[in-house]
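Participant: Have a look at this one before I ask anything.
The values are calculated or read from the model by the stated rules, or taken from the named source; none is laboratory data. These numbers come from a predicted model, not from an experiment. All Cβ positions, glycine included, derive from the backbone under ideal geometry; neighbour counts span all protein chains shown.
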Amino acid sequence: MSYRPDPAILQLGPDFCDPVSAADFPKTILRYRNDHAAAGVGLDRLTDEEWQRHFGRFKPLPDNLSEPLALRYHGHQFRSYNPDIGDGRGFLFAQLRDEGGRLMDLGTKGSGQTPYSRFGDGRLTLKGGVREILATEMLEALGVDTSRTFSLIETGEALHRGDEPSPTRSAVLVRLSQGHIRIGTFQRLAFLDQRDNLEKLTAYCLRHYFGQEGDAVTLLSRVVERTARLAASFIAAGFVHGVLNSDNINITGESFDYGPWRFTPYWDGAFTAAYFDQTGLYAFARQPEAIHWDVVQLAQSLALIASPEVLTEALEPFPALFRAALAERLCWRLGIAAEGDETALLVALETALSLKTVPIDRFFFDWRGGRRRGPSPADDAYAAPEFAPLADLFARRKALPGATDHSYWAEADPCSMHIEEVEAIWARIDEADDWPALHNKVAAIRRMGRALDLR
């Protein structure tokens, strides 16, 4: 794959972003480079020195953006509108085409202060960077459309944070994603009554991210489809994002920006990831509601340039699209053929797993291919009457070809990513600068991903 620069964001003009400069870090110590992702955009041949120059010092890539751009947006944060946000510790560094021709962004986290930093230092903790690697790798393996952690470079500063032991080490992260246009990007334009810019941004998103022409209703319909699938993917993966504010929802339906994320060990609808989510607004089972609420805010913003009645009609398919996508994602993870209306399967699965006697990862591992494999530590739990309807449904299903062929399925335990392991991996880095545990975990996650992907 050859490098194909395409700084398309410049087509929008200066009303959407601000030129900024990266922080001058004391050090640039390369800790992680995702050569698998880099190969897809023609950057895997960079030497480590070149990598650090571009993704630690932010020397522009050839024929790309000549200076980083901090994107402007607003957003609802825990349902309260905030017009004083934007890219506060990150920027758009470059745009380029991937092997499928998609327009991709290289964006940063922890790259320094911008006009939207407010009282923040614009920095990222090294622990936050390590956590984002683990989140994106696990989600990608579980079939969630996610940004990919492209690079992590330690920067040699001591940061002070109120919610973790300080001082702590600092880093700058680069993520590869399909755009950084958020619902909040549209909210800002509506708040400022910028109808012409709303039209311009709508056309830009349809052309570059959906490959079509159309109007605001067309765009909203595409966003409804993508975000309904995102919500379903979170549930099937047992994932809790933690902060599903409207400035954290990408119009392509690609998950990104991982702060207080968690994988819930059990099918627990009330499980939350963020200690500050005291009302459970973004709890595991409420994520579809939260994402749908954010998409409604997009519709309200687009009402400046389209009929509210028609926009409301475009919102209506979300619940049905979510249910269909959830059934498809669950069947994919189980390695069984989907059969149209999966209501019975969804009800039986939630009834059984809601007992919280079997961890989510263990269940999908043990029942891969629709047949209970074992022996398993959960064998006694499977004897409960609530699992009988599931076993009956599975008995009438066909396994997908090759569903259990990979040697991963012969192992004793599934690959999982719970908070205790995240903390243990970080502790080894923090206390002894011991990185193999992280790299070994990434390798194990990717192995699971190959076992799940039957293409």
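Participant: Condition first: surrounded by fewer than 23 Cβ atoms within 10 Å (Cβ to Cβ) and not polar (S, T, N, Q). Now tell me which residues in the range 71-85 satisfy that.
Facilitator: ARG72, HIS76, PHE78, ARG79, TYR81, PRO83, ASP84, ILE85
Participant: How many of the residues making up the range 316-359 are of a type in the set (D, E, K, R), more than 28 Å from VAL295 (Cα to Cα) and modelled with pLDDT of 95 or more?
Facilitator: Within the range 316-359, residues that are of a type in the set (D, E, K, R), more than 28 Å from VAL295 (Cα to Cα) and modelled with pLDDT of 95 or more number 1.
Participant: Does the range 153-200 hold any residues that are under 30 Å from ASP294 (Cα atoms), among the small types (Gly, Ala, Ser) and at pLDDT 95 or above, and which are they?
Facilitator: Residues satisfying the conditions are SER177, GLY184, ALA190.
Participant: For the range 153-184, name all the residues that are out of contact with any helix residue (DSSP H, G or I) (no Cβ under 7 Å at 6 or more places or on another chain), closer than 22 Å to ASN248 by Cα and crowded, with 19+ Cβ neighbours inside 10 Å.
Facilitator: Across the range 153-184, the qualifying residues are VAL172, ARG175, SER177, HIS180.
Participant: State which residue is farthest from TYR408 (Cα to Cα) when the search covers only the range 317-340 and only residues that are over 24 Å from the mean Cα position of the chain (by Cα) and without any contact (Cβ under 8 Å) to a residue 40 or more places away in the chain.
Facilitator: Residue satisfying both the conditions and the ranking: GLY340.
Participant: Next question. If you check every pair at least six apart or on different chains, which have Cβ atoms under 7 Å apart with a residue in the range 226-240 that is at pLDDT below 95 first and a residue that is not in a loop (DSSP other than H, G, I, E, B) second?
Facilitator: Matching pairs, first to second residue: none at all.
Participant: Something else: May I ask you to list the residues in the range 209-225 that are surrounded by fewer than 22 Cβ atoms within 10 Å (Cβ to Cβ) and either touching a residue at least 60 places away in the same chain (Cβ under 8 Å) or on the phi > 0 side of the Ramachandran plot (or both)?
Facilitator: Across the range 209-225, the qualifying residues are GLY211, GLY214, ASP215, VAL217, SER221, GLU225.
Participant: Also, quick follow-up: Quick one: ARG89 ticks every box in (1) outside the structural domain of PHE150 (by TED's automatic domain parsing); (2) under 23 Å from ARG169 (Cβ atoms) bar one, so which box is it?
Facilitator: All conditions pass for ARG89, except number (1).
Participant: Determine, yes or no, whether PRO26 is touching a strand residue (DSSP E or B) at 6+ places or on another chain (Cβ under 7 Å) and surrounded by 13 or more Cβ atoms within 10 Å (Cβ to Cβ).
Facilitator: Taking the combined requirement at face value, the residue does not satisfy it.
Participant: Which residues, counting only those in the range 392-403, are surrounded by fewer than 17 Cβ atoms within 10 Å (Cβ to Cβ) and of a type outside the set (A, V, I, L, M)?
Facilitator: Result: ASP392, ARG396, LYS398, PRO401, GLY402.
Participant: If you don't mind, there's one more thing I want to ask. Would you confirm whether or not the range 100-112 contains a residue that is buried (at least 22 other Cβ atoms within 10 Å of the Cβ), over 26 Å from ARG4 (Cβ atoms) and not polar (S, T, N, Q)?
Facilitator: Checked against the condition, which is being buried (at least 22 other Cβ atoms within 10 Å of the Cβ), over 26 Å from ARG4 (Cβ atoms) and not polar (S, T, N, Q), the range 100-112 yields at least one hit.
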